[in-house]
Amino acid sequence: MSSGKVVLGLLAGIAAGAIAGLLFAPAKGEDTRKKISKKGKDYEKKLEKKISKNIDMANKKFNKLKSDVNEFVEKKMPKTEAVNK
């Protein structure tokens, strides 16, 4: 069994246990649903920040690579001469 499957199974078990714990807690159902909704929104905001950060980082790396390629082409490739002299 691969370690990826073990980790995924562990995470799924933790999530299922947390949800079951919330659902069987002595709090009223309405309160529990509000807690779940709030946690979901918190996770959503964190995920949006991480995705935004990763997109920004990828854009910076892409622009750096593009700049490096253009610089390489300008320095290493022979300049074309005018066809009609």
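Matching residues to (1) modelled with pLDDT of 90 or more; (2) surrounded by fewer than 10 Cβ atoms within 10 Å (Cβ to Cβ):
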{"site": "Ser2", "(1), (2)": "no, yes"}
{"site": "Ala20", "(1), (2)": "no, no"}
{"site": "Glu30", "(1), (2)": "no, yes"}
{"site": "Lys38", "(1), (2)": "yes, no"}
{"site": "Met57", "(1), (2)": "yes, no"}
{"site": "Lys85", "(1), (2)": "no, yes"}
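Could you pull out the residue among Phe72, Phe24, Phe62 that is at pLDDT 90 or above and of a type in the set (Phe, Trp, Tyr)? So that I can check it myself, show each step before the final result.
Numbers: Phe72 fails: at pLDDT 90 or above; Phe24 fails: at pLDDT 90 or above.
On inspection, the qualifying residue turns out to be Phe62.
What do you reckon, is Lys53 in a helix (DSSP H, G or I), among the basic types (Lys, Arg) and either over 30 Å from Ile19 (Cβ atoms) or at pLDDT below 90 (or both)? If you could, list the steps in order and put the result at the bottom.
Numbers: in a helix (DSSP H, G or I): yes; among the basic types (Lys, Arg): yes; either over 30 Å from Ile19 (Cβ atoms) or at pLDDT below 90 (or both): no.
The answer is no for Lys53.
The values are calculated or read from the model by the stated rules, or taken from the named source; none is laboratory data. Note that the structure is predicted; figures quoted are calculated from it, not measured. Heads up, the Cβs are rebuilt from the backbone with ideal geometry, glycines too, and the neighbour counts pull from every protein chain shown.
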